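The values are calculated or read from the model by the stated rules, or taken from the named source; none is laboratory data. Here the structure is a predicted model, which is why all the values come from computation and not from measurement. Please note: Cβ atoms are built from the backbone with ideal geometry, for glycine as well, and neighbour counts cover all protein chains shown.
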Protein chains: 2
Amino acid sequence: MTEIETRTTVPALDQDARAVLFSEAHTTNTFTSEPVDPDLVRRVYEDVRWAPTSMNIQPLRMTVLADREIREEVVTHVWEANRAKTSAAPLSLVVAYDPDWHEHLPHLAPHRTGARETFADHPDRREAMARQNTWLQLGYLILGLRAHGLHVGPMVGLDAAGVDSVVHRENGWRTLCVVNVGHAPDPEDPAAQRPRAGRLEFDQACQVL
Amino acid sequence: MTEIETRTTVPALDQDARAVLFSEAHTTNTFTSEPVDPDLVRRVYEDVRWAPTSMNIQPLRMTVLADREIREEVVTHVWEANRAKTSAAPLSLVVAYDPDWHEHLPHLAPHRTGARETFADHPDRREAMARQNTWLQLGYLILGLRAHGLHVGPMVGLDAAGVDSVVHRENGWRTLCVVNVGHAPDPEDPAAQRPRAGRLEFDQACQVL
């Protein structure tokens, strides 16, 4: 093993910053009326895209529903229980994947010569890799939105093909979920988040061998 | 829509903090010799567990490979190209899921009366939900490790059943990937990370409708 000099400063986030991402952030269903500029979502994406994916395939695609009428069309394809909160959110995002992510491989993984052509013959394998890595990137996206001061309400309860028929007719992307974004009300407000559900302790979810 | 008072302060991370998570963090395959205390991984988990999952199921499980001999047994089940870097990493984690996550539902989702019993009869649905949500939680975990000052090298190139035979014999968890953790060498060091691969621009991966 090559001996490598130890770095003297290890950048890490302080507890307040980590609380914004994790311990103090709640899934939010009722937002304040403060609007969210779609350009903020662009800046979030420009951070999130740097986090790693298998073979650097980056299959996540996103539609920012800035137009209220188009959003209302999307809302007709989410489950009943998710409709009112989606209509009322300051902004909603459709998170999807591109089953044709291999077309970008010459740019994303130039050292893998011929990979685009190989994957062109394996749509099922592409689909599986796209879904796995979009779930992974959804994790990055949720924390990226929080890092930019937004609160999020992700939901998978929807008719994906129905949402596709509204927003993906031209590009062939496939819907995974909808994420509502905005600002959470003051926690003292009675309309604020529900009390927090339980979490597993380290010793329930992890082992040290 | 209920009128909710706008919050005056929106906590967000500054650019330096976001760079630790996203733009300045690289996938790392060669680490310094500085060790990683397994207790730091516990603190990371205790942050990461707060991020959302479908129905709050939290299926991610993790094994911290603190014992070098056990790690070497695991290494025999990762693909050839991943062996040397895993043996040499300061610490390695096996990320897995629990196909029996429904056993925890009375604690995790107490308002869903009878959900544990319903899911008991649907192992295939449990498996699908477990895999999706563990990929999601892997995204949180990778950023959580970075938030605590660690660098990460995740890899899916392994024989999952083989890894299971070493570390999951007693609990029935199923391996998803291995994540090497440690501290990255100084970027000026020639052993440091490879030059960065390309990323998709917002206008390639997103649309505003």
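Against the definition (hydrophobic (A, V, I, L, M, F, W, C) and farther than 26 Å from B:A88 by Cβ), how does B:A130 come out, yes or no? It is true that B:A130 is hydrophobic (A, V, I, L, M, F, W, C) and farther than 26 Å from B:A88 by Cβ. Out of B:R199, B:R174, one residue alone is among the charged types (D, E, K, R), within 23 Å of A:L21 (Cβ to Cβ) and either modelled with pLDDT of 95 or more or within 19 Å of the chain's Cα centre (by Cα) (or both). It is B:R199.
Those residues that are closer than 15 Å to A:A12 by Cα and facing chain A (nearest Cβ under 7 Å), I need them from the stretch B:26-47; list them, please. Residue satisfying the conditions is B:D47 alone. For the stretch B:97-128, the set of residues classified as touching a His at 6+ places or on another chain (Cβ under 9 Å), of a type in the set (A, V, I, L, M) and within 10 Å of chain A (Cβ to nearest Cβ) is empty.
Considering the stretch B:126-163 alone, what residues qualify as being of a type in the set (D, E) and without any contact (Cβ under 8 Å) to a residue 12 or more places away in the chain? None; the set is empty.
Checked against (1) touching a residue at least 40 places away in the same chain (Cβ under 8 Å); (2) within 16 Å of the chain's Cα centre (by Cα), A:M55 meets all criteria but (2).
Apart from one condition, A:T86 fits all of (1) within 19 Å of A:A184 (Cα to Cα); (2) within 11 Å of another protein chain (Cβ to nearest Cβ); (3) of a type in the set (V, I, T); the exception is (2). Which numbered condition in (1) touching a residue at least 60 places away in the same chain (Cβ under 8 Å); (2) part of a loop (DSSP other than H, G, I, E, B); (3) surrounded by fewer than 16 Cβ atoms within 10 Å (Cβ to Cβ) is the only one that B:T27 fails? Exception for B:T27: condition (3).
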